Every structure is written in C-alpha cells, then in structure tokens.
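The values are calculated or read from the model by the stated rules, or taken from the named source; none is laboratory data. Treat the numbers as computed from the prediction; the structure is a model and nothing was measured. In this analysis, Cβ positions are derived from the backbone assuming ideal geometry, glycine residues included, and neighbour counts consider all displayed protein chains.
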Amino acid sequence: MKRNKFYLIALAALTVLAGCSNDTETTDGDSEININKNVVTGNLPSEVTRLEFPKLKDGNNCVIVHYAKEPGGTNKDVNYAVEWDTKKKANRWTCYIMTTNNQQDIVKRKPYHQQQTNIHKTRISQTQKG
C-alpha cells in the first residue's frame, strides 16, 4: 500500500513538472513566415494566391487558368488550372476547384461498364480457336 502511494505521488509530481515546462512558442499568428505562398508577379493571374494552388516553381513556366460558366455562376468561375513547363513542354500539376455549383448532376449519363456482349463473345471464340 505504501509502495502504491509512493508511485502515485511520484507520478503526480512528474505530471506537474512536465505540465509547467517553459514554452518558447509565441501566441501571435504573424510570427511564422509562409514560404510556400505564391505572390502575384509579372503576368501571373491573381488566382495563384488561392489555397488550391501548389507552390509555383520559378523558371520556365506559365500558369493557365481555365474558366467555365457554372449553373447560377458567372463567366469567370475558375474550373481548373495548370502550371506548364515551357522547356519540357509538360504540365507540372493540375488543380481542380470543386464547388457545389460544378458538382451538380445536370448531365444524364448511361450506366458505366456496360457489358459489350458481341465483342466479348468474339474474343472468347478467337482465343479458344488459337
């Protein structure tokens, strides 16, 4: 019983000491510098400062922003954007902006993965012959 009391008191003392440690963390949110943010310079569109955009790579690149009129929206609704590497002639990334307007089910589509019975039977018969 005495041993249990000793362990309990020791545990309480350790908890108090650990909880009262000196933190050097500041409370104002402006102390951290965001090195990943994009800054609009030159011919970059203003949309690069949005949260969907990854950090732009400096160098041979251009940013292409595609707009689409969404139901109930304007002609300047951002649909997706691409960072294009002009030297490699390839895109580095593509980001899509998903909103409630562009996720509406306004286009009816046929069920996916419909069985193509005539193609399937032809291929089976060809593989069985050969």
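From the set of residues in the stretch 33-76 that are surrounded by fewer than 10 Cβ atoms within 10 Å (Cβ to Cβ) and of a type in the set (Ser, Thr, Tyr), which is modelled with the highest pLDDT? The selected residue is 46. Taking residue 30, is it at pLDDT below 75, acidic (Asp, Glu) and either under 30 Å from residue 79 (Cα atoms) or outside any loop (DSSP other than H, G, I, E, B) (or both)? Considered against the rule, which asks whether it is at pLDDT below 75, acidic (Asp, Glu) and either under 30 Å from residue 79 (Cα atoms) or outside any loop (DSSP other than H, G, I, E, B) (or both), residue 30 comes out as yes. Checking each residue in the stretch 41-57 for being hydroxyl-bearing (Ser, Thr, Tyr) and in contact (Cβ under 8 Å) with a residue 12 or more places away in the chain picks out only 49. Among residues that are surrounded by 10 or more Cβ atoms within 10 Å (Cβ to Cβ) and either of a type in the set (Val, Ile, Thr) or at pLDDT 85 or above (or both), residue 91 is included.
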